[in-house]
Amino acid sequence: MSHPHEPAHLPVEIHDPAAPDEATVVPLKIEDWLTVITMGLLALITFANVIVRYFTDQSFAWTEEFSVFLMIVLSLVAGSASVARNRQIRIEYFADSGSPERQRALARFGALMVFVLFTLIAALSCRVVWDDFRFEETSPGIGIPQWWYTVWLPVLSTAIAGRALGLFIRRGREQ
Amino acid sequence: MIPTLLFVAFIAMMLAGVPIGASLGLAGAACIALANADAQWFGLLAVPQNFYAGLGKYPLLAIPMFVLVGSIFDRSGVALRLVNFAVAIVGRGPGMLPLVAIMVAMFLGGISGSGPANAAAVGAVMITAMSRAGYPPAFSASVVGAAAATDILIPPSVAFIVYSVLVPGASVPALFAAGMVPGVLAGLALIVPAVWMARKHKMGALEASLPRPPFWQSLREATWGLAAPILILGGMRAGWFTPTEAAVVAVFYGLFVGMVIHRTIKVKDLFVILQESGELSAIILLVVSLAGIFAFSLSTLGVIDPITHAIVNSGLGEYGVLALLILMLITVGMFLDGVSIFLIFVPLLWPIVQFYNWDPVWFGVILTLKVALGQFTPPLAVNLMVSSRIAGVRMEDTVPWVGWMLFGMFLVMVAVIAWPELALWLPRYLGY
């Protein structure tokens, strides 16, 4: 029941159970499970914070630092799944119209740009981690080595770049 | 030369369908490299630093939590019971179901923080009910899509949280309070044309013959839903929780209602709820963090000052400039979603706001009203995408109906511009 001019997809805000995942070499379940665990932990830690403060008048504000770290992990891990599913926010108006060849070329171009950006971030952030390690930076809240946090930036950025590359290859195979 | 390149590269990539975040990040990185050709590594170390710093802000944690609240309440069965209760109050008559749809959407706006999620929750219940009463599906889709747009004005609101992170002078509680009156006015401004159109076109003729739910029973069933905004907004007001904590309390309250009271959420649904809200949060947060790279390159290149200078000296005057900004944002809003508009334009417009000494909270409400209008202005109307899909109509079919409702909400925006007190009175009264 696809009509002309009608967007064939829902906005990113709404999960569409009718659209199954494309087959990927590395299963998307990895990201999905990590997303569920991180999201659950974030909710539990923040809730525990409210309860503890309410009943004991103590705050464990130091959990803020860990919550922020979990949020960064969530953005990168779930972001990686969203790249593989091509659910990033983008302007579909021109990219999803015109001939199938044009649509495919633009989809590949988009995936390639995501790949370039996150490869760049992954490479450059290695230097950030090295500096944190070399100068023995410690985190402001808990005082643990800062590189324990930042080391995940290159790792997870590489994962996103890999997902973008996978999308680029899949879009190339479609006829 | 480099600033021009920044904007040309950015706009070209965006129009070609490259994800907004990647366009922002790449254009920003390219300009940083060109501007620092002599520095070590072309100054590009600023890229991961700004990316990490853009994400590492505690207030942003409210975004995944409120997205999770929306996802849970969507499934909690609260919307259906609120609809029954609203029908029990207003009764059955011509034009009453559109009124109920708008009222319930506004009420759910006091729980969830995003328009499309609201459109999905209200649409799932109201669109079939309205079809059964004889309303054309395209009309129902228009009413639900427009009504859900009040969600981002009525606190809590993801849009206000993003704005607050961008603008130092506007706290989340102040913005939430400031959105309340304009949000309710926007809802009223939708009710008038919706009921008027229903009566004029003699829609919903079957409505009067449908049974009216008993008042006390529907009140009892709706109690759990009715208490949710009181818990969220009242808890913040009483100083029990910060916005993030209020969201997480609402998460567990919603889970309790959905799993224990209404039994609409099963344990196995938790995986889907956490996964989809996690992914949606990540989609928003990645744009936020990559926009940090773009904003950094804007500030180091010093492009904003000349643009501001040209605009404020253009002889248009304060309200001329404001009208021009709104016209521009309405045009951009046809292609871009609300969060991206905030991330791209708030840093650009900020010096203009300071030059005219506009209140940052008031300006945030104006921008959010504009984004709310954009959520049901075709062709890129995220709320209408959701509601037309549920109603099984094309988005074009809603055009004859949304026009008057757009006009109604537009008048509210003009009113808030003319009388800033509409937005600013409540936060001042509450002492934010």
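Structure summary
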item: Volume of the Cα convex hull of the protein assembly as shown, divided per residue and given in Å³; result: 155 Å³
item: Top of A:Val50, A:Val116, A:Val128 by mean-square fluctuation, Gaussian network on chain A, Cα under 10 Å; result: A:Val50
item: Positive dipole terminus of the protein assembly as shown, leading residue within B:Leu219, B:Ser131, A:Ala81 (C-beta point charges); result: B:Ser131
item: Equivalent ellipsoid dimensions for chain B as semi-axes, Å, which come from the Cα gyration tensor, largest first; result: 38, 24, 20
item: Likely footprinting exposure, B:Val260, B:Val249, B:Val69, fewest C-beta neighbours within 10 Å first; result: B:Val260, B:Val249, B:Val69
item: Nearest-0.05 FRET efficiency for B:Val267 and B:Glu318, computed from C-beta distance (R0 45 Å); result: 0.20
item: Cα-based Rg of region A:117-175 normalised by 2.2 N^0.38 Å, two decimals; result: 1.51
item: Principal axes of region B:178-231: Cα extent on each, largest first, Å; result: 40, 34, 10
item: Approximate spin-label separation A:Val155-B:Leu206, in nm, with each point projected 7 Å along Cα-to-Cβ; result: 5.8 nm
item: With eigenvalues of the C-alpha gyration tensor scaled by 5 and rooted, region A:61-175, Å; result: 36, 15, 9
item: Kirkwood Rh in Å, taken over all unlike Cα pairs in region B:229-290; result: 13.3 Å
item: Taking B:Tyr432, A:Tyr54 and counting other C-beta atoms within 10 Å, the order from fewest to most; result: A:Tyr54, B:Tyr432
item: Net charge dipole size for region A:67-175 [Lys, Arg +1 and Asp, Glu -1 on Cβ; Debye, nearest 20]; result: 580 debye
item: Over 14 Å [Cα-Cα, region B:258-325], rounded percent; result: 76 percent
item: Residue among B:Val272, B:Val257, B:Val144 with the largest mean-square fluctuation in a Gaussian network model of chain B, springs linking Cα atoms under 10 Å; result: B:Val272
item: Alpha-carbon spread of region B:103-219, three principal axes, descending order, Å; result: 54, 33, 21
item: Virtual paramagnetic centre 7 Å along Cα→Cβ of B:Val399, amide N under 18 Å, in region B:310-344; result: B:331, B:334-335
item: Fewest-first ranking of B:Cys31, A:Cys126, using other Cβ atoms within 10 Å as the exposure measure; result: A:Cys126, B:Cys31
item: Only Lys, Arg (+1) and Asp, Glu (-1) charged, at Cβ; region B:255-331 dipole about Cα centre in debye; result: 400 debye
item: Mean Cα-pair separation over length for chain B, i.e. relative contact order, pairs under 8 Å, 6 or more apart, %; result: 27 percent
item: Residues B:Ala39 and B:Leu15, FRET efficiency given R0 of 51 Å [Cβ-Cβ distance, rounded to 0.05]; result: 0.95
item: All-pairs alpha carbon distance profile, region B:335-432, 10 Å steps from 0, percent; result: 14, 37, 32, 15, 3
item: Spatial separation of Cα centroids for region A:69-88 and region B:236-290, in angstrom; result: 17 Å
item: Theoretical FRET efficiency, 1/(1+(r/R0)^6), r = Cβ-Cβ of B:Ala238 and B:Phe407, R0 30 Å, to 0.05; result: 0.20
item: Euclidean distance of C-alpha centroids, region B:129-179 and region B:393-432, integer Å; result: 10 Å
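The numbers here are math on the coordinates, done by the rules we state, and not lab data. Because the structure is predicted, anything quoted here is derived from the model rather than measured. Backbone-built Cβ (ideal geometry, glycine too); neighbour counts: all protein chains shown.
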